[in-house]
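Before any comments, here is the structure.
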Amino acid sequence: MNSAAPASGRLMAYGCLALSMSLVGAYVALSKPLVAAFPVLLLAWLRFGIAALAMPHWLKRGADEPPMTAHTRWLVFLESFLGNFLFSICMLYGVSMTSAVSAGVIMASIPAVVAVASWLFLRERITVRIGLAIACAALGIGLLALSPAHAPASTDAAKSSMPWLGNLLVFCAVLCETAYAVIGKSLTGRLGPKRIASLINLWGFVLSMPFGIWFALSFDFGAVHGGIWALLAVYALAASIWTVWLWMTGLRHVPAAQAGVFAVMLPVSAAFVGVLVLGENLSAPQLIAFALALAGVVLATWPGRRT
């Protein structure tokens, strides 16, 4: 009788999840000019600080929200430390040592890792279609791993003597993103999306403050031109406000394992920004791999048979 309402709500949730991960992928790729201009730990502190100025009104508890318990506070801290602060550090250092396309290759493993974690910690059942979607993501990773990503010779990634360390740090970011999805699913039943976004950003600001102040004391802010400051502002708003709110809004209506499939939009977005904006190259096998990733999203979101 009212099946249209749940269907429309489900489609809205899918759209929020897809847009969130697409924005994450875009700012991951665009962070390469930022890590060239700022020390990573100073950049993280500035990001959290700019976002904190934009959403103090989101900290207020909603009328329909219960008071936070000690367990909820602990989950908020872990969500910020693992999925916000540590993710930013690993990702920013990682992309400074490797190409955006290579980072996209590794980030494509998120759906499978999230599915396993949601099965282990949330006891969510992985359906056949979700399993096939994860398999598509895994096939895409394998194909991308066999076809090396080529960046222009002038990029920082090409000059890096330790691309393996950059790739390792990006994989650590994958684990952090997995924790973000699983813990976030628990939080969405306790707090509203806006309050979650503001609280974890505030924790990120506090955690990064000692490092940020240390680097700020010796940093020449006058040497940073206006374009980089504008990019920093967009990066801060996207990373701490828009993507978090979109993800938590969608996650309220979708199981964590199914939501994790939308993480394939992150490497797709990162790679295409790397190609279109940063001048990196995308090969035919990589295009096939991303097509597999998108096929996984279709499998995960295709409406099931109604009884």
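None of the figures in this text is laboratory data; all of them are computed from the coordinates on show. Bear in mind that the values here come from a model prediction, so they are computed numbers and not experimental data. Here the Cβ positions follow ideal geometry from the backbone for every residue, glycine too, while neighbour counts run over all protein chains shown.
Data table
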read-out	value
Two-decimal Rg/Rh across the stretch 1-136, once Rg and the Kirkwood Rh are taken from alpha-carbon atoms	1.01
Estimated distance in nm for a label pair at residue 37 and residue 164, the labels positioned 7 Å out from Cα along Cα-to-Cβ	3.4
Trypsin sites (Lys or Arg not before Pro) restricted to DSSP loop in the stretch 1-74 with at most 15 other C-beta within 10 Å	60, 61
Förster radius 51 Å - calculated FRET efficiency between residue 123 and residue 220, Cβ distance, rounded to 0.05	0.45
Protection proxy ranking of 205-212, 50-57 - average other beta-carbon atoms within 10 Å, highest first	205-212, 50-57
Kirkwood-based shape ratio for the stretch 169-307, expressed as Rg/Rh from alpha carbons	1.03
Sum of -39500 (n - 2.57) over DSSP H runs of 4+, divided by residues of the chain (222 nm, nearest 500)	-23500 deg cm²/dmol
Rg/Rh ratio calculated on Cα atoms of the chain (Kirkwood radius)	0.97
23 Å Cα cut-off, lysine pairs counted over the chain (separation 8 or more, or different chains)	4
Within the stretch 190-221, trypsin sites (Lys or Arg not before Pro) in DSSP loop having at most 10 other beta-carbon neighbours inside 10 Å	none
Under the span-like rule (Cα at least 20 Å along the axis, Kyte-Doolittle mean at least 0.5), DSSP H helices of the chain	4-37, 40-54, 128-146, 163-187, 193-216, 284-301
Highest to lowest packing among 238-244, 127-133, 218-224, scored as the average C-beta count within 10 Å	238-244, 127-133, 218-224
Where labels lie 7 Å past Cα in the beta-carbon direction, separation of residue 213 and residue 291 in nm	5.5
